[in-house]
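Asker: Here it is, the structure, as structure tokens.
Just so it is clear, none of the values below were taken in a lab; they were calculated from the coordinates. All values reported here derive from a predicted model rather than from experimental measurement. Because the Cβ atoms are built from the backbone with ideal geometry, glycine has one as well, and the counts that use them run over all protein chains shown.
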Amino acid sequence: MSWTTQKPRVPGWYWYREIEGEPEILSIYKDDGQLLISGIGLQEFPGEWAGPLEPPP
């Protein structure tokens, strides 16, 4: 897994970090065909992404 500026295309859990921020894990879900984080569209998140994260076995 590596960091990319390409926004996620499927729902799931992702690492996210802003340019000068600490990484955090965010849950992305789909509503009315749009991917959202807490009701906010991904276009509002200009940082880097890694994922989706796989659940443990």
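Asker: Of the numbered conditions (1) among the charged types (D, E, K, R); (2) at positive phi; (3) surrounded by 10 or more Cβ atoms within 10 Å (Cβ to Cβ), residue 24 fails exactly one; give the number of that condition.
Answerer: Status for residue 24: all satisfied but (2).
Asker: Among the residues of region 28-46, what is the count of those that are buried (at least 16 other Cβ atoms within 10 Å of the Cβ) and in contact with a Gly (Cβ under 9 Å, 6 or more places away or on another chain)?
Answerer: Of the residues in that region, 2 qualify.
Asker: Kindly indicate whether any position in region 13-29 is of a type outside the set (S, T, N, Q) and in contact (Cβ under 8 Å) with a residue 40 or more places away in the chain.
Answerer: There is at least one residue in region 13-29 that is of a type outside the set (S, T, N, Q) and in contact (Cβ under 8 Å) with a residue 40 or more places away in the chain.
Asker: State which residue is nearest to the chain's Cα centre (by Cα) when the search covers only region 1-26 and only residues that are assigned to a strand (DSSP E or B) and of a type in the set (A, V, I, L, M).
Answerer: For region 1-26, the residue satisfying everything is 26.
Asker: How about region 33-53: which of its residues are assigned to a loop (DSSP other than H, G, I, E, B), free of Cβ contacts under 8 Å to residues at least 12 places away in the same chain and over 16 Å from residue 10 (Cβ atoms)?
Answerer: Those that are assigned to a loop (DSSP other than H, G, I, E, B), free of Cβ contacts under 8 Å to residues at least 12 places away in the same chain and over 16 Å from residue 10 (Cβ atoms): 38, 39.
Asker: Restricting attention to region 1-28, report how many residues are among the β-branched types (Val, Ile, Thr) and more than 12 Å from residue 50 (Cβ to Cβ).
Answerer: The qualifying residues number 3.
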